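Right, one structure below, let's go through it.
What follows is calculated from the coordinates using simple rules that are stated; it is not laboratory data. Keep in mind that what you see is a predicted model, and the values were worked out from it rather than measured. As a convention, Cβ positions derive from the backbone with ideal geometry for all residues, glycine included, and neighbour counts pool all protein chains shown.
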Amino acid sequence: MNEFLKNKNVLITGASSGLGRELAFQVAANGGRPILVARNIEALKETAGQVELEYERKCAYYPCDLSDFDAIHRLVEMLKAEQQTITVLINCAGFGLFERAEETPFEVTKEMFDVNVLGLIKLTQELIPVLRNNRRSHIINIASQAGKMATPKSAVYAATKFAVIGYSNALRMELAEQRTNVTIINPGPIATEFFERADQTGNYLKSVGRFALKPKKVAKKTVKIIGTEKREVNLPRSMNLVSKLYQLFPVLIEKLGKKAFMKK
């Protein structure tokens, strides 16, 4: 049990499915009050109902398209009007598409940056004054191992996650004085609905097999560090080791890993 979360409001984006949905369950299991944000109102309603049924925790939800920056502003104003204090922000919303760079439609590139990066930045910026009202608060940004080591057919997705990591590292230093910690979660592939759009062939998840992470495991690891000064959580260990080696020996790793990298 993470005692820091007891009766704390935790806003989670991308909460209608996948990792975001599992984060809602784990926050509630640890005594927190999830506030769910996503585009799909029916899925949000179902998730909120399930949280309340299983954990007897109040679970508010707000439909919001994170590529609509005006909608993000309206969301924050609504939260303020309803006097919803936010202690923890988990930016989990995002999507990818496994395509060669030259074949990725530019409108998809723009959408990916709008959701994965600009929407995250806009919501975070709007909520910083709200978080400042707490004695201690926490921002958790779900990035990716792809943001530490880019591979073929994920150029745009990797670029968005590199941006999230860079933004988070600078933000951590800026917010240190107001005691708002910033943590980056860098998971490898997670067996969720993410791949229904990212890889419609279904081949990638099959190729990584047992190395694919379970969303519940990632959610538990994430919730465990809320309220701490942890900088990063990197999963799985094997992929984290490869990404560290890549920082030291990029040419060698690209040569040795070429066959595996091309499996997407």
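Taking residues in region 216-232 that are more than 14 Å from residue 25 (Cβ to Cβ), and partners anywhere that are among the basic types (Lys, Arg) and surrounded by fewer than 16 Cβ atoms within 10 Å (Cβ to Cβ), the pairs with Cβ atoms closer than 7 Å and at least 6 places apart or on different chains are 227/136.
If a residue must be among the acidic types (Asp, Glu) and within 20 Å of residue 19 (Cα to Cα), how many such residues does region 46-94 contain? Final tally of qualifying residues: 4. Among helices (runs of 4 or more DSSP H) entirely within region 122-214, having at least 1 residues that are small (Gly, Ala, Ser), crowded, with 18+ Cβ neighbours inside 10 Å and touching a Ser or Thr at 6+ places or on another chain (Cβ under 6 Å) singles out no element at all.
Residue 99 falls short of the stated requirement of being part of a helix (DSSP H, G or I) and not polar (S, T, N, Q).
So for region 137-159 (the condition being touching a residue at least 12 places away in the same chain (Cβ under 8 Å), of a type in the set (A, V, I, L, M, F, W, C), touching a Lys or Arg at 6+ places or on another chain (Cβ under 8 Å) and closer than 18 Å to residue 14 by Cα), does at least one residue qualify? For region 137-159, residues touching a residue at least 12 places away in the same chain (Cβ under 8 Å), of a type in the set (A, V, I, L, M, F, W, C), touching a Lys or Arg at 6+ places or on another chain (Cβ under 8 Å) and closer than 18 Å to residue 14 by Cα: present.
Which residues, counting only those in region 22-55, are assigned to a strand (DSSP E or B) and either in contact with a Ser or Thr (Cβ under 8 Å, 6 or more places away or on another chain) or charged (D, E, K, R) (or both)? 33, 36, 37, 38 - these are the residues of region 22-55 that are assigned to a strand (DSSP E or B) and either in contact with a Ser or Thr (Cβ under 8 Å, 6 or more places away or on another chain) or charged (D, E, K, R) (or both). Consider residue 53 carefully, then state whether it is of a type outside the set (Lys, Arg), farther than 16 Å from residue 115 by Cβ and free of Cβ contacts under 8 Å to residues at least 12 places away in the same chain. The answer is yes for residue 53. Total residues in region 56-78 satisfying the condition of being among the hydroxyl-bearing types (Ser, Thr, Tyr) and without any contact (Cβ under 8 Å) to a residue 40 or more places away in the chain: the figure is 1.
Residues are listed down the side, and each one gets a yes or a no for (1) out of contact with any His (no Cβ under 9 Å at 6 or more places or on another chain); (2) surrounded by fewer than 18 Cβ atoms within 10 Å (Cβ to Cβ); (3) charged (D, E, K, R); (4) farther than 23 Å from residue 186 by Cα:
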| position | (1), (2), (3), (4) |
| --- | --- |
| 13 | yes, no, no, no |
| 18 | yes, no, no, no |
| 42 | yes, yes, yes, yes |
| 64 | yes, no, no, yes |
| 75 | yes, no, no, yes |
| 87 | no, no, no, no |
| 92 | yes, no, no, no |
| 102 | yes, yes, yes, yes |
| 108 | yes, yes, no, no |
